[in-house]
Structures are given as structure tokens and as C-alpha cells.
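Reviewing the structure listed below.
The values are calculated or read from the model by the stated rules, or taken from the named source; none is laboratory data. Since this is a predicted model, take the numbers as computed values, not measurements. Cβ placement follows ideal geometry from the backbone for every residue including glycine, while neighbour counts extend to all protein chains displayed.
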Amino acid sequence: MKSLFILLLTLPFFAYNQNPHEFVVLSGQITDQSSDSLLVRSRSFSKTIHVYEDGTFWDTFQVTTGVYNLYDGHESTNVFLKNGYDLYLTLDTKEFDETITYTGTGAKHSNFLAKKSLEEERLLDFDALSEINDLDTLESALQKIRDELKRYYTSDPTVDTLVTKDAVKNLEPMLGSYSRFIGGSIALKKELPKGSTSPVFTEYENVDGTTTSLTDLQGKYVYIDVWATWCGPCKAEIPFLKEIEEAYHNRNIHFVSLSVDDDRTHSNSWDKAREDWKNMIEEKGLGGIQLFAPEGWKSDFVTAYKIKGIPRFILIDPKGNVVTPDAPKPSNPKLKTLFESLKI
């Protein structure tokens with residue numbers, strides 16, 4: 001029986017070694033791991049890999065050749081997998097994209113994808129593009145980015161064509177999203193220019209059950225954060241918002257957070273939306289003035305500012321006039337620069 005048990009344990013090892021081209025081997029070392037597992041995924045595939053307490057992992061599995069997403073529970077990257085590859089990954093989660101490195105069979109294709117992400121992040125600097133104030137300049141800037149990325153995508157003929165073709169295919173949708181979002185901001189600034197009368201909200205619900213109107217806040221600047229409890233980028237801004245609220249405490253400014261949580265995103269229940277909103281305010285220790293938009297995205301103030309994506313930040317002056325309908329986010333150093341220029 002003991003001999004049979006040992007034989008059964010060794011069968012997977014021998015099966016793998018007899019057919020090395022039928023499997024991917026993915027192993028590596030993660031510094032400051034975010035969770036005890038990695039998820040390899042595509043639209044039709046999902047594989048969970050255990051990560052040990054020392055940050056090491058190892059697994060084998062079969063794939064259809066292609067680009068997969070590798071998620072560590074906090075951030076993700078793309079990896080090119082093909083049966084027969086033996087990839088070893090190292091990364092430090094404190095500098096996730098900057099430290100990803102692959103070695104082993106097939107490593108060049110995944111290293112190309114890692115560098116591709118860094119190139120796209122460098123060129124598609126959202127804060128820099130958001131400084132553009134006319135559509136022609138925006139399209140010219142995006143065209144330069146398009147040309148440079150195309151050159152990079154085709155710079156190494158030894159990279160698998162599935163990788164490069166996928167990159168080229170996704171380029172226009174990616175640039176199109178920037179064009180639409182930033183173009184919408186440019187149009188909005190023309191419709192609600194600096195000094196124009198701001199749209200108002202009236203008797204919006206406070207977290208304590210009272211109500212607040214924008215006119216109640218006149219006499220000070222008003223910095224409005226439009227957010228929702230389910231919005232990841234919104235929650236990522238919370239620590240920065242709390243820092244800036246503390247830095248400008250007792251200064252000439254109100255900080256308002258306006259939730260657009262609604263029934264559609266909370267089990268078709270407005271009561272559940274309010275409950276989740278109140279719970280997150282308590283859980284995150286949120287300060288400032290916490291308001292609930294009565295009709296979510298359809299609320300008058302939200303539609304007047306043409307808000308279709310969040311987080312969105314608005315700055316209004318003490319007289320109720322627009323400073324900017326698309327203010328810098330709390331994590332952007334330009335917000336403090338703007339506040340200081342206004343002598344807040």
C-alpha cells in the first residue's frame with residue numbers, strides 16, 4: 001500500500017515531464033504580496049494560483065495561446081501564455097508595473113507587454129492631457145501618441161504577432177475613450193466657463209437626515225466630489241481628500257461629497273443605496289458635508305454638470321460662480337496649486 005501511495009503521488013510529476021509542451025509552467029516571487037493567490041483570467045478562462053507566505057508561487061495548467069490578465073487581488077498585468085512556456089515572474093507590489101520582469105521560455109513576449117503598459121501610461125498622461133483647452137490641440141496630441149505607440153508595438157519583429165495584433169486592435173478604442181472623456185471636459189468648460197453662474201442643488205439629503213442647498217454654502221469656496229460607494233477610483237481618492245480637508249480645515253472652503261448611488265447599483269433598492277452610503281461614510285471616517293443625490297445620475301445638479309463618469313470634482317466660488325466644472329482630483333498636486341492661487 002505504501003508503494004502504491006508513493007506511485008500515485010508521483011504520477012502527476014511524470015505525466016507533466018512526459019508531455020512538457022501540453023502545459024504552461026508559471027512560477028515566481030512577489031515582494032509585499034497583496035493576497036494569498038493570483039488569478040489568471042480571460043473571457044473564457046480562469047485559474048487561481050496559490051501564493052505562499054514567502055511570496056513564492058508555482059503551478060502548471062493548459063491554455064489556449066493568447067494574452068491573459070494576471071490579477072494579484074489589488075492590481076493586474078497582462079501576460080502572454082502558450083503551452084510549453086516556462087515563465088518565472090518577479091515583482092514588487094509597491095512599484096507594481098515598474099518592477100514586473102519575466103525570465104524563462106517565452107519571457108520576451110510578456111516582458112514586451114509589461115513595457116507596453118509603462119509606455120502607454122507615460123504617453124497617456126491624463127493630467128497633462130486634461131490641461132488641453134481645445135479639441136484641435138487634443139486631437140493633435142492624441143495623433144502623436146498614436147504614432148509613437150504604433151512604432152513601439154511593431155518595434156520587435158520577434159514578438160508573437162498575437163501580442164502585437166492585439167495591441168494594435170485595442171489602440172483606437174483606448175485613444176477614443178480619452179478623446180471622448182477629455183473632449184467632453186473641453187466642451188463643458190466652454191458651456192460653464194469660469195465666472196458663469198453655477199447650477200445649484202436644493203435641499204439634498206445630509207447623512208444626518210437634514211438637508212443642504214448650494215445657496216447655504218455661499219460665502220466660501222465649495223469643492224464638490226461626485227462619487228459612489230461602488231466606484232473604485234472614487235474610493236482611491238478618499239485618503240487624499242481627507243488629507244486636503246485637514247490641510248484646509250477652517251479655511252475659506254467647504255468640502256462636499258455628493259453620492260450618486262442609486263437603486264440600479266444596489267439591488268434595485270433606494271433604501272439599500274442609502275444604507276450602503278451611510279455605512280461607507282462611517283467605515284471610512286469621511287468628513288466634510290456628505291450629501292445624497294435624490295435621483296442619482298438623473299439629479300438636476302448632476303445632469304446640469306453633464307456628469308457621466310466618476311469621480312468628478314467641481315470648484316465653485318463664494319458668490320456661487322463656477323471656478324472650474326472639472327477641477328483637479330485630490331491626489332493631483334495641481335489642486336493645492338489652484339487653491340493657493342485663489343488664496344483659499
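For the reader, a short list of remarks on this structure follows.
- Checked against (1) without any contact (Cβ under 8 Å) to a residue 60 or more places away in the chain; (2) crowded, with 16+ Cβ neighbours inside 10 Å; (3) among the hydrophobic types (A, V, I, L, M, F, W, C), residue 163 passes all but a single condition, namely (1).
- Here the range 17-59 is the region considered, the condition is being loosely packed, with under 15 Cβ neighbours inside 10 Å and of a type in the set (Val, Ile, Thr), and the residue that is farthest from residue 104 (Cα to Cα) is 48.
- Hits in the range 54-86 - residues which are out of contact with any Leu (no Cβ under 9 Å at 6 or more places or on another chain), at pLDDT 95 or above and farther than 13 Å from residue 25 by Cα: 54, 55, 56
- The one condition in (1) more than 17 Å from residue 179 (Cα to Cα); (2) of a type in the set (A, V, I, L, M, F, W, C); (3) in a helix (DSSP H, G or I) that residue 91 fails to fulfil: (3)
- Residues that are surrounded by fewer than 18 Cβ atoms within 10 Å (Cβ to Cβ) and of a type in the set (Val, Ile, Thr), drawn from the range 193-240: 197, 200, 202, 207, 210, 211, 215
- Selection within the range 71-126 - of a type in the set (Phe, Trp, Tyr) and surrounded by fewer than 14 Cβ atoms within 10 Å (Cβ to Cβ): 126
- Considering the conditions (1) touching a strand residue (DSSP E or B) at 6+ places or on another chain (Cβ under 6 Å); (2) under 29 Å from residue 312 (Cβ atoms), residue 103 is excluded by exactly one of them, (2).
- Test: residue 255 is among the aromatic types (Phe, Trp, Tyr), surrounded by fewer than 20 Cβ atoms within 10 Å (Cβ to Cβ) and assigned by TED's automatic domain parsing to the domain that holds residue 222: no
- Failed criterion for residue 144 (all others in (1) under 30 Å from residue 193 (Cα atoms); (2) part of a loop (DSSP other than H, G, I, E, B) hold): (2)
- Qualifying residue in the range 305-312 (condition: assigned to a loop (DSSP other than H, G, I, E, B), assigned by TED's automatic domain parsing to the domain that holds residue 250 and under 18 Å from residue 240 (Cβ atoms)): yes
- Residue 255 in contact with a Pro (Cβ under 9 Å, 6 or more places away or on another chain) and either free of Cβ contacts under 8 Å to residues at least 40 places away in the same chain or in a helix (DSSP H, G or I) (or both): no
- Some residue of the range 73-88 being closer than 16 Å to residue 170 by Cβ and among the charged types (D, E, K, R): no
- Residues being among the polar types (S, T, N, Q) and under 14 Å from residue 219 (Cα atoms) - total across the range 308-344: 1
- If you check 285, 309 for being at positive phi and out of contact with any Ser or Thr (no Cβ under 9 Å at 6 or more places or on another chain), only one passes: 285.
- Residues of the range 44-78 that turn out to be within 20 Å of residue 32 (Cα to Cα) and either part of a loop (DSSP other than H, G, I, E, B) or among the hydrophobic types (A, V, I, L, M, F, W, C) (or both), as a count: 13
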